[in-house]
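No lab work stands behind these numbers, since they all come straight from the coordinates. These numbers were taken from a predicted model, which means no experiment stands behind them.
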Amino acid sequence: MKIKDNLTGKRITVRSYRKSDLDFVGSIWFDKENGKYLSDPEREYIDEKFQKAVDGLEDTEFGYYFIAEKTDTGEPVGTCSVFPEKDKDGCCVYDIGYCVHKDRWRQGLGSEMVSLLLDWIKSQGGTKVTAEAAKDNTASCEMLKKLGFEVIKESSFKKYNMGICFNSYIFGKTLK
């Protein structure tokens, strides 16, 4: 799915993913260091099924995939996603994901990116947001806490096709 208007912050703009972004996405998601705490596999573990899914990101009906760019230069600096789902009470919960290119870590871009997503979700009428982070990914866990998320449960996830499992936290936030 795509958004009508870009989301613009102080330093970054978040826009809908395009097929031409595939090389950038691959450079961070499938990189051993940059994608360490993602469920995406390292490049050598990508199979035909996974590649087909990645190739169809622009046209997916299950959620929104975004690219974050420096507003002044258009340089891509990260990716993010939003997946609206109904909870057991029929309320729409938005699950988010995000990843900043390792050359841009520790510059506050992840916080700005997630804040833009939260503002957009609120504008769509959303009131509940979740995000999962590996327990060992302290930078991501601390960023979510700084943005007002709280741990709502513990979980785990596996890296696709690699046999690596991470213990994780599911964070939640109610938007007001």
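Rounded to the nearest 500, the 222 nm mean residue ellipticity of the chain from helices alone is -6500 deg cm²/dmol, with -39,500 (n - 2.57) taken per DSSP H run of at least 4 residues.
Count the lysine pairs in region 7-126 whose Cα atoms lie under 18 Å apart, taking only pairs 8 or more positions apart in sequence or on different chains.
7
3J(HN,Hα) couplings calculated from phi for region 162-176 with the Karplus curve 6.51 cos²θ - 1.76 cosθ + 1.60 (θ = phi - 60°) are, in sequence order, 10, x, 9, 10, 10, 6, 9, 10, 9, 9, x, 8, 9, 8, 10 Hz; Gly and Pro show x.
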